[in-house]
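Following: one structure in structure tokens, then a few remarks.
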Amino acid sequence: MPATRLTGEEIARQLGRSRRDFLRGAAGLALGSALTSGSPFVYGQKAARQRKVIVVTFGGGARDQETFAPEGQGNIPHLLQELAPQSSFFTHMQNQGILGHYVATASLATGVYETLNNFSAVPPEHPTVFEYFRRDLNRPLSNAWVVAPSNGFNRIGESDSKLYGPGMGARVILPKHLLTAASSGSLVDYSHLLRDNYETPLYTPQIGGGEVELAQLDRILKLSVSDFMAHARTVSSPDELSMYIAKRLMREESPSLLWITMHDIDIAHSGAYSLYLEAIQRTDRLCAELWRAVQSEPEYAGRTTLFVLPDFGRDADADAGGNGFQHHRTGDAASRTTWMMALGAGVREGVVYDRPVQSIDLVPTLGAMMGFSPRLSQGRPIGELL
Ligand SMILES: [Zn+2]
């Protein structure tokens, strides 16, 4: 009998299931029921007002072979042993949109599969989570922040939707832009921290669009340019620099909605497997450091929900059109099937869910948690988190 070729949907389901089994084996997570009847947490209005949410996305997901599968687990000790056991873990998140990092992150932030040109510094078409959050809850500009790599992400904080209007979005900080500005004329070589956009190295984003300028560093982060540069000399990658800035923001501005986009793993496009693995290990460590920072900051401890999710996956080895770990070109099931963990305030601990959820479900979920209405989002709130 000839072997039956699996459909993309079947492959995706299998990926989710095997991820679930890895988690149950390695981190002791229990399988959650598909439908839960009401939250075990009574979350009053006051608690909702004080609630803080941090979203960490990876631009450039990693495959299970290098992460959750037995042969990859050594690369993610922190995610697996520290964070996953505290989390509600969704093993099957689908991205049905365009697999470019800026457009995919914009889709995560609007709850609509955006169709903007991935390689241009344009704002998302639909309102962002930051606009919904700030307008509905009447929050000041300082309450929503994005820390992002510089390849076009300077426009991620605010859509060009006429419904919300200019000035209703998040402030955006691009640590690499700041470092570029600060290090011009410096004798120290910061080039390893300034690498950007591993897919199209020649693409240079336009600057401008509301992001924080070097001159504001001192006022906002209480950080002098020389201290910033001195610290930059001690970090090993752009994401490590981003995490430093994010922690600084938590201390000085205490945003209630903080979005951090990491990008080191995408060095996979260079084809260097060892650098890709190193980036996974670093990302794993940085996520745990961030979670520890949450516990040690009085403004965040006990009232913060953390989401960690890749924007999408990478190609499967088996697909002739892709190059395995290196790219995400084929749009195959492996590159579209990713995962999400949520942990902290109001989230059930140590539960794994393998029903499919969508990238565009994140914003409606945040809306239901925090009390704002993402009117134009096309996703649905994830009931297991409410
Ligand atoms: Zn990529």
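The numbers here are math on the coordinates, done by the rules we state, and not lab data. Since the model is a prediction, treat every value here as computed from it, not as a measurement. Cβ: placed from backbone, ideal geometry, glycine included. Neighbour counts: every protein chain shown.
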Residue by residue, what Karplus-based ³J(HN,Hα) values in Hz, rounded to whole numbers, does region 216-223 have, using 6.51, -1.76 and 1.60 with θ = phi - 60° and x for Gly and Pro?
8, 4, 5, 5, 7, 9, 6, 9
Given H placed on each backbone N at 1.01 Å, which residues far from Met262 in sequence or on other chains put an amide H within less than 5 Å of it?
Thr57, Phe58, Gly59
per DSSP, antiparallel bridges as share of beta bridges in the chain, % nearest 5, sits at 25
Residue by residue, what Karplus-based ³J(HN,Hα) values in Hz, rounded to whole numbers, does region 327-336 have, using 6.51, -1.76 and 1.60 with θ = phi - 60° and x for Gly and Pro?
10, 9, 10, 7, x, 6, 4, 5, 6, 9
Whose amide H sits under 5 Å from the amide H of Ser254, counting only residues 5 or more places off or on another chain, with H placed in the peptide plane?
none
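Classify the chain: rounded, prolate or oblate, from the alpha-carbon gyration tensor (a ≥ b ≥ c, eigenvalue square roots; a/c under 1.5 rounded; otherwise prolate if a/b is larger than b/c)?
It comes out rounded by the Cα gyration axes.
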What whole number of Å gives the distance from the Cα centroid of region 44-80 to the Cα centroid of region 106-154?
20
Suppose we keep just the alpha-carbon trace of region 219-317; what are its Rg and Dmax in angstrom?
15.1, 48
Using alpha carbons only, how many angstrom separate the centre of region 254-287 from the centre of region 312-386?
17
Assigning unit charges at the beta carbon (Lys, Arg +1; Asp, Glu -1) and nothing else, what dipole magnitude in debye, to the nearest 20, does the chain show about its Cα centre?
1100
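Report the extension gain between Val188 and Leu275 in nm, rounded to one decimal, defined as 0.36 nm multiplied by the number of residues separating them, less their alpha carbon distance.
Going from the current span to full extension adds 29.0 nm.
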So who's got an amide H within less than 5 Å of the one on Thr304, skipping anything under 5 residues away but keeping other chains? H placed 1.01 Å off N, in plane.
Lys52, Ala345
Among the aspartates and glutamates, which fall within straight-line cross-link reach of Lys247, defined as a Cα-Cα distance under 19 Å, with same-chain neighbours fewer than 8 residues apart omitted?
Glu211, Glu213, Asp218, Asp227, Asp239, Asp264, Asp284, Glu289, Glu297, Glu299
